[in-house]
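The structure appears right after this line, and notes come after that.
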Amino acid sequence: MSQLVTGEAVVLQVRIARMPTRALACAIDVLLQLIVLSVLISLLAGFLIGGDASEALAVSLIFIVILLVAVGYRVVMETLTRGRTLGKMVLGLKVVRDDGSSIRFRHALVRTLFWFFVDFAPWFAACPGIVASLMNKQGKRIGDMVSGTVVIRERHQPMTSPPLFVAGHLVQWAQSLELSRLSDELANTARDYLGRFTELQPDARIALGDALAYRVSQVTAPAPPVPLIAPAYLSAVLAERRRRELNRLATARPAHTGPFAPYAPPSPYGVLPPPAPAPPGPFAVPRPVLDARPAAVNAQGWAAPGSNEWS
């Protein structure tokens with residue numbers, strides 16, 4: 001995985017296409033170009049042989065056809081498809097700008113010219129592009145560096161959403177959190193970290209988790225009542241954020257009943273008891289305050305539904 005930073009300072013997680021995949025896509029494109037060239041040159045040769053065209057005209061026409069197919073194919077395809085050729089479509093690759101946006105004609109033209117005359121030019125033994133791609137951390141060849149583009153993989157397995165939970169003794173604290181300053185970008189970054197938690201090296205896992213927990217703590221309040229490790233803290237914050245979002249969506253949508261009612265995901269706190277009804281008037285008899293039972297926590301660390309109700 002690699003990161004692209006957009007013009008709005010949003011970090012995008014993308015998969016960079018490496019040299020073997022790009023070479024296979026290039027081989028497919030070259031094969032298609034050779035087929036088209038062989039057909040066009042055969043037609044052109046039949047036209048020139050049957051006529052009285054001079055040798056200079058024949059050479060010029062053949063050179064123009066080769067140039068149009070070799071250069072024009074990539075420029076036209078990448079411009080019209082916003083960064084794809086037929087080979088890239090087959091392998092699920094796409095050329096994008098360094099900020100993640102789609103390329104335009106000038107980017108396609110610069111990439112193609114450098115591909116043909118520098119990166120894989122026969123007079124350079126096709127070495128500059130290969131060497132540059134292997135040495136660059138984003139797999140860029142010289143044409144990509146000059147045009148400000150990068151080739152990414154669009155087809156990959158989607159990452160499953162990480163399980164979010166709130167420990168039983170943190171339920172009240174989570175419900176009191178102020179989350180209005182927590183941005184979507186920071187929440188998504190924290191969610192990506194939890195989703196890839198087991199894939200990270202131990203040192204990177206701890207360092208990244210502490211950094212994200214510190215950033216989240218700067219825009220949320222209050223602090224947790226007990227010391228927490230970064231993954232547990234981030235999981236609690238994201239679980240509460242998701243619960244509030246689900247409640248907001250459920251409130252905004254009209255109520256549906258019957259066998260075709262939409263499915264509602266479960267709350268991270270289980271089934272909470274319904275709120276107490278409002279008193280009938282200003283002179284209602286106040287409800288006596290009784291001792292509260294302590295919240296019972298099950299084996300999974302969740303607060304048992306209804307365990308902290310009033311007696």
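The values are calculated or read from the model by the stated rules, or taken from the named source; none is laboratory data. Because the structure is predicted, anything quoted here is derived from the model rather than measured. No Cβ is skipped: glycine too gets one built from the backbone with ideal geometry, and neighbour counts run over all protein chains shown. Calculation scope for accessible area: heavy atoms of the full protein, side chains included, ligands and nucleic acids excluded. Shrake-Rupley method; radii C 1.70, N 1.55, O 1.52, S 1.80 Å.
What ranking, highest mean first, results for peptides 79-88, 123-132 when packing means the other Cβ atoms within 10 Å averaged over each residue? Intermediate values should be presented prior to the final figure.
Details: 79-88: 18.9, 123-132: 13.8.
Going from most to least packed, we get 79-88, 123-132.
Within region 157-229, list the trypsin sites (Lys or Arg not before Pro) lying in a DSSP loop whose Cβ has at most 16 other Cβ atoms in a 10 Å radius.
Qualifying residues, ordered by number: Arg181, Arg196.
Between Val146 and Gln218, what FRET efficiency follows from the Cβ-Cβ distance if R0 is 41 Å, with the result rounded to 0.05?
E between Val146 and Gln218, to the nearest 0.05, is 0.55.
Please list, ordered by chain and number, the residues whose modelled amide H lies under 5 Å from the amide H of Asp99; skip anything fewer than 5 residues away on the same chain.
none
Using θ = phi - 60° and the Karplus curve 6.51 cos²θ - 1.76 cosθ + 1.60, what whole-Hz ³J(HN,Hα) does each residue of region 24-29 get, with Gly and Pro shown as x?
Values per residue, Gly and Pro as x: 5, 5, 5, 5, 5, 5 Hz.
Per residue, how much accessible surface does region 18-105 expose to a 1.4 Å probe? Answer in Å², no decimals. Provide the component values of the computation, followed by the final result.
Working: 5020 Å² over 88 residues.
The answer is 57 Å² per residue.
Considering amide H positions built from the backbone, and no H for Pro or chain starts, which residues 5 or more places from Leu93, or on another chain, come under 5 Å of its amide H?
Amide H neighbours of Leu93: Glu154.
Would you mind working out the magnitude of the charge dipole of region 83-128 relative to its Cα centre, with +1 at each Lys and Arg C-beta and -1 at each Asp and Glu C-beta, to the nearest 20 Debye?
220 debye
What are the ³J(HN,Hα) couplings of region 77-88, residue after residue, when phi is run through the Karplus curve with 6.51, -1.76, 1.60 and θ = phi - 60°? Round to Hz, x for glycine and proline.
Per residue, the Karplus-derived 3J(HN,Hα) values read 5, 5, 6, 6, 9, 6, x, 10, 10, 4, x, 5 Hz.
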